[in-house]
1. Pull the list of the chain cysteines that no other Cys approaches to under 4.7 Å, Cβ to Cβ.
2. Let me check I've understood the local charge: for ILE88, count other residues with C-beta under 15 angstrom from its C-beta, Lys and Arg +1, Asp and Glu -1. What total comes out?
3. Need one word for the stretch 277-357: rounded, prolate or oblate. Basis is the Cα gyration tensor (sqrt eigenvalues a ≥ b ≥ c); a/c below 1.5 gives rounded, then a/b vs b/c decides.
4. Mind ordering 97-105, 171-179 by average Cβ neighbours within 10 Å, highest first?
5. Regarding the stretch 475-533, what is the average projected area of its C-alpha convex hull, in nm²?
6. Might you tell me the accessible area per residue for the stretch 41-90, computed with a 1.4 Å probe and given in Å²?
7. Can you pull the percent of the chain's accessible area that's carbon plus sulfur, 1.4 Å probe, other chains left in place?
8. Where the centre of each part is set by its Cα atoms, how far does the stretch 545-602 sit from the stretch 492-520, in angstrom?
Amino acid sequence: MSRELISVAFMLFIAVPRLLVAGELESVPDLEKAMYLTVEGYPCVRLLNLSGEIGCSNPGTEKVVAPIVQLGNAHDQLDHFSTVLISIDEMQSFFLRVSSDSNFARKIAGVLVEPSYLNKSIGFSPVEKFPQAEFAPYQKPNYVWNPTGSGIMQKGYDFPVFLLSEKSTLTVREVVSKNRKDNTAYPSVVTEFDLVMQTTKAGTHDSEACLKQQSCLPLGGYSVWSSLPPINISSMGPPKPILLTVASQDSASFFRDQSIGADSPLSGLIALLAAVDALSNIDSLDQLQKQLVFAVFTGESWGYLGSRRFLHELDIGTDGMKGLNSTLIEQVLEIGSVGKGLGGGLTTFYAHTEVDATTTKEMLNALQNASFSLGTDNVKIKSADASNPGLPPSSMMTFLRKNRSTSGVVLEEFDASFSNKFYHSHLDNPSNINSSSIAAAAILAARALYILANGDLPLNLITLNSIKINISLVEELVGCLLTCEPGLSCALVKKFISPSNICPNHYVGVFLGMPSNIQYVQYPEYVDDTSRFVWNFLADRTSASNSNINSCTRECSGEGEVCIGAEPESQGRCVISTTRYVPAYSTRLTFEGSSWHVIPGNTSDPMGLVDPVWTESYWGSIGLRIYKVQGSAYDHLVLLGGVAVTAAAYIAIVVTRTCLAKALKHD
């Protein structure tokens, strides 16, 4: 039996009778609460790709127990196997040291990270300085798009790591202070980590192996696309050229469940939704020369899963893509990070392009004309610096790798490098953005899209100037999609869906169930809250007027109708809208015989050749708790006390037996 268990058992022997008498223990859970303090935190988990592992996990199949310490500075050594408490300010330097100092790493049992960030001017980004450089349509892997990037998220750590909640941080600080005051060889308060990954148990250390052994699932989910106005699939007339507007809805973070992505990329998503809302108020959209189509991709942070699968589905012509044709896509506008464009009283955005074509210049002119139409100098659009190597990390890269002649513009808040100092970190939260900047991007996009869709027709300036952004909607979307209060319990979201969680999290997650492209399902079973909301919002805003409004629980009988707002506890309503889900997972994966398989790369899919094929390990339970153990001196005292009690008992027995024997002889 270990020293910790002996100590806990002795403490229970002493404490339990007292607690029972006091009436404080009435059940086994009460007993457990008396023994252990559960710590609230957000874990870093194990992810895998074709080359190996990243992220965090217990090193074996057992829980990890160790005392908590706090280093005085970044160069201090550990005296023994310990859990280390660090601040966010120290996190990047600490993990870089772990990667370069194996002796130091071997003494780390786990890491607890305090959430408060003191020096926001420095920034914190755990991904690379050129995120996903392997997918770029140009060869400049050393270019620095992300100046604060450290790359610590792209490495594997054989110890658990948790981001503490604000409340738990105070508790852990008290524990560290107590351990320091005790000044014993073995501190009295320890952490117990339960972060055992199934891939560790199964010995599968890359995506191909873990998918084969079914110890992991691929990253993925569902993207959404919608057209304004709805596309009449049965129409016999010539199809219109497509003007495609895209944004991303997923982010990433060192800590799985804290992927908020307020600026990158959710500000772009909110701007797109606000632009759709503004354009939906225009009459006679069906008379425009181009068809407006909007797409919201998920999985872009992990190999551009959404955009790549979207184009692949277009190529093979699945049922979910009816009404679209890749050859009809004439121009692509991507709304990227736009939450920090406001500065010095001006809101400035940059148009990033790659292809010098007439249609690309049309897009730049449309954005400039949209800016001029606002009648103010407070919103500016500039072309990105020509010295930039090409497009910044964006979904547009997918379109260019598929077809180098694709005309497109990526609208961003930055020129040569990210202005978001917290790119792909849990600190990219609502305090990192400005809703006025998002609204400015939305009005620019909406008016530019109207100008472009108008084509060669005379521009109706009255209609153009009538396109306005609902500022209240932008602020409401920020509250719904980026905060916990109100979070997904806000009225706008609950109008359409019953969310499974209140606090939004924009990590892509794993792909559950059979992909709907294999057997087409209009309403897939496993869709996350954000995708469900986006689908319903777009279906509502892009719907055509319908004199007969019918209620529905799932299916609608009318041609081109979909059911919005339907939940198990409430009925929805049927509207005419071309809005569909599209599965988002790696093009290097296939689902056969109830399991996933990696397929060889194909030269026709250049991005697939460099696709890491990201997966996430299964796990049973994840937990972090603290309890008290006694030092070795106390253990020795317990042992001596036990020996003394045993000796005294033996002597008492011998004396009693002798006395009894004499008494019996006397009788």
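The values are calculated or read from the model by the stated rules, or taken from the named source; none is laboratory data. Treat the numbers as computed from the prediction; the structure is a model and nothing was measured. Cβ atoms come from the backbone with ideal geometry, glycine included; neighbour counts cover every protein chain shown. Calculation scope for accessible area: heavy atoms of the full protein, side chains included, ligands and nucleic acids excluded. Shrake-Rupley method; radii C 1.70, N 1.55, O 1.52, S 1.80 Å.
1. CYS659
2. Here the count lands on -2.
3. oblate
4. My ranking of the peptides, most packed first, is 171-179, 97-105.
5. Numbers: hull surface 17.3 nm².
So the Cα hull casts an average projection of 4.3 nm².
6. On the way: 2020 Å² over 50 residues.
Averaged over the residues of the stretch 41-90, the accessible area is 40 Å².
7. Working: 15480 of 29200 Å².
On the chain, the fraction of accessible area on carbon and sulfur atoms equals 53 percent.
8. The two parts, judged by their Cα centres, are 11 Å apart.
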